[in-house]
Amino acid sequence: MAEASVKLQISTLPSSPGVYQYYDKEGKLLYVGKAKDLKKRVASYFTKQHDNARTRLLVKKIADIKHIVVASETDALLLENNLIKKYQPRYNVMLKDDKSYPWICIKKERFPRVFSTRRLIKDGSEYYGPYTSMKTVHTLLDLIKGLYQLRTCNYDLSEAKIKAGKYKLCLEYHLGNCLGPCEGLQSLEDYEESISAIRNIIKGNFKDSLNRFRKQMKELAADMHFEDAQRIKEKIEILENYQSKSTVVNPKISNVDVFSIVSDESYAYVNFLQISFGSIIRSHTMEIKKKLEESDGQLLELAAIELRQRFNSQSKEIYVPFRINSEEGVKVTVPKLGDKKKILDLSERNAKYFRMEQFKQARIVDPDRHQNRIMAQMKKDLRLSEEPRHIECFDNSNIQGTHPVAACVVFKNGKPIKKEYRKFNIKTVEGPDDYASMEEVVYRRYKRLMNEEQPLPQLIIIDGGKGQLSSALKSLDKLGLRGKIAIIGIAKRLEELFYPDDPIPLYLDKKSETLKVIQQLRNEAHRFGIEFHRNKRSKEALNTELETIPGIGEKTVIQLLKEFKSNKRIAKASFEELEAVIGADKAKKIFSYYQSIQ
């Protein structure tokens, strides 16, 4: 069985694709694995019986679990490959370079060749990938070959050797697959034009090639070459449907550090990705406890220097979400578009997942810290002067215009305190009038708290828009509490938050914890109010006839209903049966009443 700390880490893993890493108690990396669903995959190690002895031994040694979230299973596969080759964990198979994933190479030479390779040679050639499937590479190369006539020979096609007639045309020329640059039958400019188009195809930009193909197809069709036109049409369809991107990051991006930050009132989380030759080789997230009102910029600068020193990074460029000061000789880039921005977004996603994981763990092992953070965040989001440790929320219920009632629910430190919930029968309002009903119950609630010298809330939430909020404010004015208690209204339709004397509503992020607490309050008030309203209608329907009998009160009715379960059974009961429950005097009144109406 996993230890408590490992169980806790498993319980807070995200159900997302990514890579997980197992460490022993000395901090040594034991194993790297990939998963479509991190939480499900990691949990399976500790819930299944393993036949393999090495797997059982591995599970026993696991003391710490780390993970990296990626966009897809393909990315997880590639990232797993990179990490295993870099760190060679004891419980992973050894991955060798010649068994690595394929790339497409545009060779740095005159009249460049385009081919697949598993070896990356730093000779200035261009490499695209890696690809998870050789079939994908072959499909792309076949597509390129069908579009553009490129040489496949490995001759040195220098200008001098071509002019000297050193080479002769080969079979590829006669088959129409090459235009014969070896004998000077194709110019370098024309060839480079094809290479430029191929670069765009590999990057996923098919516009130029599609236009060129469509033109070819029309020309072939006009000349009655329908088979050739159909072949081009099939290539166009492949181009339109093909997705060329299957790499963790762009291989042109190398020797770069990426930093992102997410923060709340108490903590900041900085994620660090290290990119080497187009692949992520390291991901680490640092938690920073705020001491003063430090800005995200200050914290990111501090964390970037600390992480680069800790991991001995020699990268000469960093990507960050906003401009910061960095070490001398290090270029700072703030990506706005393209592959660089995608890498930065991935870093931010990892920071957010780490933050969520910490929240989940804190809720379990350190509830006080969790409460303090929520309260601080609500104070900031709602622009309050103090933390809303005590919140009360009001809701009216008068379904179908009958039996108007209201409910007040109480939350303290972000949690419901059900023993302090209060329900109200509307006393001074005739008919269904939500505004007047809200004014009445708010006045009654806080008049009573003041008379009993009970603590008042820091925040009042009114379930409704401007009208209900204005009505509640009238009551606070009468009690002299306006300005002493913060009050807001929440409209159901768009989750708009209204403030007194402010016509423009506040919209919170739909995923914000502040909005979730407010929605929980609103939903709880609605549930409590509906429950009270339903019980009142049911009770009235049951009790009306019995309570019309002179001398029979509510307590007697409750006693009878507990015993006989329904009015119908009470009406059919004998005098002796009634007497056994409520005594002879009341039994006689009820028995006589039902005898008289039969």
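Read-outs throughout are calculated quantities, based only on the coordinates presented, and are distinct from any laboratory measurement. As the structure is a prediction and not an experimental result, all values here were calculated from the model. Virtual Cβ from ideal backbone geometry, glycine too; neighbours counted across all protein chains shown.
Descriptive notes on the structure:
- Set of aspartates and glutamates with alpha-carbon distance to K207 below 14 Å, sequence-local pairs under 8 removed: E237, E240
- Taking a ≥ b ≥ c as the square roots of the eigenvalues of the Cα gyration tensor, an a/c ratio below 1.5 marks segment 383-535 as rounded.
- Shape call, segment 548-596: gyration tensor on alpha carbons, a/c limit 1.5: rounded
- When each of K40/K135; K34/K341; K145/K342; K555/K588; K565/K586; K360/K510 is checked by Cα-Cα distance, pairs over 27 Å: K40/K135; K145/K342
- Straight-distance crosslink candidates among lysines, where the alpha carbon sits under 21 Å from K474 and sequence neighbours closer than 8 are dropped: K423, K427, K447, K466, K484
- Whole-number Å³ per residue for the convex hull built on Cα positions in the chain: 309
- Sites K492 and K418, calculated FRET efficiency, Cβ-Cβ separation with R0 25 Å, nearest 0.05: 0.60
- DSSP beta bridges confined to segment 383-535 are antiparallel in about 65 percent of cases.
- Share antiparallel - DSSP beta bridges, the chain, percent rounded to 5: 80
- Karplus 3J(HN,Hα) series, Hz, for segment 507-523 with 6.51 cos²θ - 1.76 cosθ + 1.60 (x for Gly, Pro): 10, 8, 3, 4, 9, 5, 5, 4, 5, 5, 5, 4, 5, 5, 4, 4, 5
- Taken as Cα centroids, segment 48-71 and segment 206-221 sit 53 Å apart, rounded to the nearest whole angstrom.
- Protection proxy ranking, highest mean first, for peptides 517-526, 8-17: 517-526, 8-17, where packing is the per-residue count of other beta-carbon atoms within 10 Å, averaged.
- Simple label model, 7 Å out from Cα along Cβ direction - K218 to E287, nm: 6.3
- Distant-in-sequence amide H partners of K166 (H built 1.01 Å from N, under 5 Å): none
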